[in-house]
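Rule-based calculations on the coordinates, nothing more; no lab input. Quick caveat, the model's predicted, so the values are computed rather than measured. Every residue, glycine as well, gets a Cβ built from its backbone with ideal geometry; the counts of neighbours run over all protein chains shown.
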Amino acid sequence: MNQREQILSAWKRRKATRAPSPHVRLADEFFQMMESHPDICWEELTEEFRQKYYEAFDEIVPVLMATDDPLILHNLVRFADLSNPKEAEAAKKLIRSVDPDKHEVTMLTLAADQEMRPTISKRSQLPDSVKAAISAKVDA
């Protein structure tokens, strides 16, 4: 299953459990836009999200996280603005909830951010590469 299909499937499951609201409608518009533009890249999708759909952050981001797909979550982190408290909190939630081995690349990306390191350090059974990245950043 490709990324788009996984995301749309996760949205369909979440939408079925949500009461109608302006944020759910806005999120639905976002996912419809994503579905109707199959050639949109992550960078363009991120720009569109920030410009028109950010108000539905609490509906959209959990859908992406629910896929538990390493590439989707890596792109979510790659395009996150970790200086934004809302996005930083979502990244910390991701750190606390994902399998650190399955999402090793994403954890390494997050370990590069000073503010994320304390949250990552609290995780048990981190891959050696992530432990090394945290240690290297602390020693630097």
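Here ALA56 passes the criteria (1) in contact with a His (Cβ under 6 Å, 6 or more places away or on another chain); (2) in a loop (DSSP other than H, G, I, E, B) except the one numbered (2). Criterion first (within 28 Å of ARG18 (Cβ to Cβ) and out of contact with any helix residue (DSSP H, G or I) (no Cβ under 7 Å at 6 or more places or on another chain)) does GLN125 satisfy it? So GLN125 fails the test.
Among the residues in region 2-11, are any polar (S, T, N, Q) and touching an Asp or Glu at 6+ places or on another chain (Cβ under 7 Å)?
For region 2-11, residues polar (S, T, N, Q) and touching an Asp or Glu at 6+ places or on another chain (Cβ under 7 Å): present.
Within region 55-64, does at least one residue satisfy the condition of being touching a residue at least 40 places away in the same chain (Cβ under 8 Å), closer than 18 Å to ALA27 by Cα and surrounded by fewer than 17 Cβ atoms within 10 Å (Cβ to Cβ)? Checked region 55-64: at least one residue is touching a residue at least 40 places away in the same chain (Cβ under 8 Å), closer than 18 Å to ALA27 by Cα and surrounded by fewer than 17 Cβ atoms within 10 Å (Cβ to Cβ).
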